[in-house]
Amino acid sequence: MWWAIIGRESLPYTRDTLRFTRAPVARTQRMRQRDRKTELVEIAYRLIAQNGLEGFRIRQVAAEAGIDNGTLHYHFPSKEALIHGVVDYFSNGNASQALRSLEATAPYELAQPGPMQTGTLYPAYMRGLAYLQVHDGAAAAAEFRKVLYQRGVVLNFVTGALAHLQLGRAYQMAGDTAKAKSAYQDFLTLWKDADADIPIYKQAKAEYAKLQ
């Protein structure tokens, strides 16, 4: 090797020096990757709230982030991986940021997502879930009531039924047991013919039993 001819002492960097100079660069690259992933997740979260899972398209995420699909797939290989990323982000104490991301969806609350023939009120429903995450029962209840007040828009879409359950949870969080019981009863009545082993149905019955 050429450094064996000129002498190791003449080299501007030793192996140890190179190792330590590479470390900050690697950390910076990892931070940039995490920042990019967070940006993509926040965009995806807002689009899901706006359009629902049925109308969610990862190419929209790439377009809003100003990247191509290949770059997005580097961070999230599939649509399912990106949705899992949204769930993980939302479940790991980022609800406050999620609420800020959802501010842009307010004008679309009554909209009908692309492939749907009915409204979903996903923005209000998702905002309610975020308020539950930050333990603001009163604010969460207000969002779920929006869904229930728009039955002519939601019709038989699943958010209409689930809003009863989430409203019960919001009332319980706010300390209003009587209203919580009523909301749980409404949900369980709507789902009385559901398969008994559906996880959310089983969970709702268990939560309702604790209120008795």
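The shape of region 93-212 can be summarised by an equivalent ellipsoid whose semi-axes, obtained from the alpha carbon gyration tensor, come to 23, 19, 12 Å from longest to shortest.
Going down the list Lys181/Lys202; Lys146/Lys179; Lys179/Lys205; Lys181/Lys205; Lys146/Lys210, which pairs span over 19 Å between their C-alpha atoms? Exceeds cut-off: Lys146/Lys210. Highest mean first, the peptides 144-150, 134-140, 172-178, 65-71 sorted by other C-beta atoms within 10 Å per residue fall in the order 144-150, 134-140, 172-178, 65-71. Reported to the nearest whole Å, the Cα centre-to-centre distance from region 49-89 to region 123-176 is 25. Taking 7 Å steps out from each Cα toward its Cβ at Ser78 and Asp193 produces label points 3.4 nm apart. Remark: spin-label model distance Gln203-Val134 equals 2.1 nm, labels positioned 7 Å along the Cα→Cβ axis.
No lab work stands behind these numbers, since they all come straight from the coordinates. Everything numeric here is computed off the predicted structure, so don't read it as measured data. Because the Cβ atoms are built from the backbone with ideal geometry, glycine has one as well, and the counts that use them run over all protein chains shown.
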